[in-house]
Amino acid sequence: MAASVAYRPARRPLPASLMSKPVLYAMVVVAMVVSGAQGGSVKHYKWKVDYQYWSPDCVEKVIISINGQYPGPTIRVREGDTIVVEMENLMPTEAVIMHWHGMQQRGTPWYDGAGGVSQCAINPGETFVYRFQAEKAGTYFYHGHLGLQRTAGFYGSLIVDVGRGVQEAFEYDGELSILLNDWWHRSAIEQGLGLYSDPFRWVGEPQSLLMEGRGKYNCSLVSGGDAEEAAGDRPRCDETNKQCKPLVLRVQPGLKYRLRLASVTSLSSLNFQIEDHNMTLVEADGNYVEEVVLDNLNLYSGESYSVLIEAYKQPPGGRKTFWVTAHVQGRLPKTTPALAILVYGDGEATTPVSSPPLAPAAWNDTAFSLRQSRMIVAKKGTIPPPASSDQQIILLNTQNRINGVIKWAINNISLVPPTTPFLPALKFGLKLAFDHTIPPVSYPMTTYDIFSPPKNPNANFGTQIYRFPFNSTVDIILQNANSLTVNNSEVHPWHMHGHDFWVLGYGHGKFNPEVDPQAFNLKNPPLRNTVPLYPYGWTALRFVANNPGAWFFHCHVEAHLHMGMGIVFAEGIEHLDRLPRSTMGCGLTKTWLP
Ligand code: C2O
Ligand code: CU
């Protein structure tokens with residue numbers, strides 16, 4: 001996979017003065033650099049995880065921080081390096097698991113950091129060491145993967161540069177990076193409880209959208225006076241707090257920048273724009289794409305991109321500052337857009353003279369979003385997909401009700417992660433750890449009406465797992481449907497652990513297995529790890545089950561996964577030898593000693 005793109009023209013060297021602060025910072029804080037086995041280096045990080053007061057949108061909250069920072073520290077390594085993260089959980093009453101989103105974990109599936117799948121949770125007071133290789137250059141991130149810990153602010157950027165002496169596929173002078181997120185004032189724990197309660201309580205739309213962990217809530221909307229605040233009845237809100245100062249992107253006139261964008265939103269799909277500047281898309285989820293010029297970019301939760309932006313030699317109207325915005329797309333927006341400021345030169349980050357650009361399309365304009373998705377194709381030279389697949393699985397996405405509580409289900413099964421993680425359960429044949437029934441590979445396609453709320457909203461809880469012959473090629477068709485609400489079907493960004501997949505196509509309505517595959521893009525389908533499933537539509541993807549382990553495949557909307565919207569894959573377990581003891585010790589692995 002290392003050389004997925006053959007063409008890598010020269011890149012101008014990057015003067016240190018033009019690197020963004022996080023870049024320089026990451027280079028300085030790497031504690032230890034020693035030579036690794038395959039010629040790469042070993043980069044060692046020591047993290048302390050704890051609760052902390054923070055005011056991401058000026059409203060003070062308790063977040064999960066790493067080394068006292070929010071977002072967490074940026075990991076920056078080169079392709080082929082080994083990342084070692086020694087993580088100490090200092091939270092007194094909450095266990096954690098960290099997932100390295102986009103890392104394929106070949107040979108180390110036990111360090112994938114997926115609750116219920118790859119490891120036991122890291123209990124209060126414990127230290128756990130993750131150790132894995134950064135296989136492929138690109139823009140990635142990490143986030144908590146237990147309960148709603150992403151919603152609690154537990155994430156950061158993970159950037160993998162090309163190997164030493166290797167040229168990037170495009171040129172640029174400087175680099176910038178933004179991690180996007182949505183933000184709630186209700187705690188993640190309370191949100192999680194609401195989703196499991198009867199009556200069910202939905203998390204609602206976010207209070208703010210954040211860029212690099214910074215947003216702005218209107219403090220006058222936080223009701224109550226000083227007395228209430230002192231009594232703890234009203235959260236503190238301080239618009240002058242440094243933590244909610246808007247993000248500033250600084251550029252020098254005439255230079256070209258690579259802007260890395262990643263969305264770790266819990267719920268929202270976003271549309272990103274830079275006022276009066278277009279963007280050339282060059283990378284998606286750590287894979288090169290054919291360059292395409294856009295004035296705005298949709299980002300679904302779990303996706304990452306690199307775009308190139310050219311700073312004007314002389315900005316129009318002599319302006320020195322421009323708006324950078326992110327609007328909610330795909331859901332009825334109830335949240336004001338995220339705002340950052342692009343600043344030319346070394347001047348002050350004054351408020352731009354214009355008003356921020358509006359959203360480029362209506363929130364429910366699926367055709368607009370679909371058009372953009374279809375513009376993203378693999379760069380020439382990317383590994384093409386196998387010409388055919390060994391099996392096809394059609395996954396119907398439905399909203400259901402189980403014992404009165406709203407759930408999401410895939411082919412009528414709502415996932416409940418087992419107490420014993422799948423990986424050790426499979427490896428050691430712990431038969432009682434999960435349900436061994438083979439899950440359905442389709443739904444009653446001829447009779448199911450995807451345009452109406454389900455006739456029978458009941459679904460079943462389950463822990464089934466799809467097991468694939470090692471190295472086989474699998475086609476997945478994600479099929480959307482009407483939710484429990486009339487005339488409503490939601491966007492679901494699906495993310496696969498352990499693999500990239502080729503996106504073969506999108507369609508509206510019910511997938512037709514006879515006709516639709518004829519229109520699959522087998523020529524230049526993009527390689528991704530996350531893909532949107534549009535309202536009332538289908539999305540087709542292909543991947544090769546060539547990574548021994550057990551892997552989550554789920555909707556990246558955190559509340560949806562919490563409500564059961566995911567499945568698990570496994571392949572090649574027989575090729576794994578030793579499982580680290582540190583990853584076990586819960587459920588049936590408590591008494592079972594390898
Ligand atoms: Cu970024 Cu399983 O998720
Ligand atoms: Cu979803």
With region 391-592 reduced to its Cα atoms and the Debye formula applied, log10 I(q)/I(0) at q = 0.10 1/Å amounts to -0.43
Cysteines of the chain without any disulfide-compatible partner (other Cys Cβ under 4.7 Å) are Cys555
Using alpha-carbon coordinates alone, the radius of gyration and Dmax of region 128-232 in Å work out to 19.7, 62
Along the dipole axis of the chain (charges at Cβ: +1 for Lys and Arg, -1 for Asp and Glu; origin at the Cα centre), the most positive-end residue among Ile450, Phe200, Asn89 is Asn89
Computed over region 16-375, protein heavy atoms only, probe 1.4 angstrom, the accessible area per residue in square angstrom equals 39
With -39,500 (n - 2.57) per DSSP H segment of 4 or more residues and division by the full residue count of the chain, the 222 nm estimate, nearest 500 deg cm²/dmol, is -2000 deg cm²/dmol
In whole µm²/s, the translational diffusion coefficient that Stokes-Einstein assigns to the chain, given a Kirkwood hydrodynamic radius over C-alpha pairs, 25 °C and 0.890 mPa s, equals 100
In the chain the accessible area split gives carbon plus sulfur, as whole percent at 1.4 Å, a share of 53
Expected sort for 346-356, 163-173, 500-510, 528-538 on mean C-beta neighbours within 10 Å, highest first, is 528-538, 500-510, 163-173, 346-356
Over 18 Å (Cα to Cα) among Lys46/Lys242; Lys431/Lys590; Lys256/Lys320 -> Lys46/Lys242
Packing-ranked peptide list from 202-210, 116-124, highest mean Cβ count within 10 angstrom first, is 116-124, 202-210
Residues whose modelled amide H sits under 5 Å from the amide H of Leu146, counting only those 5 or more places away in sequence or on another chain, are Ile97
For the chain, averaging the sequence separation of alpha carbon pairs under 8 Å that lie six or more residues apart and dividing by its residue count, the contact order in percent is 14
Given 582-591, 138-147, the highest-first ranking by average Cβ count within 10 Å works out to 138-147, 582-591
Heavy-atom accessible area with a 1.4 angstrom probe orders Glu212, Glu126, most exposed first, as Glu126, Glu212
With +1 on the Cβ of every Lys and Arg and -1 on the Cβ of every Asp and Glu, the dipole magnitude of the chain about its Cα centre, in debye rounded to the nearest 20, is 700
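The values are calculated or read from the model by the stated rules, or taken from the named source; none is laboratory data. Please read these numbers as outputs of a predicted model, since none were measured by experiment. No Cβ is skipped: glycine too gets one built from the backbone with ideal geometry, and neighbour counts run over all protein chains shown. In case anyone asks, the SASA skips ligands and DNA or RNA and just uses the protein heavy atoms, side chains included. Shrake-Rupley method; radii C 1.70, N 1.55, O 1.52, S 1.80 Å.
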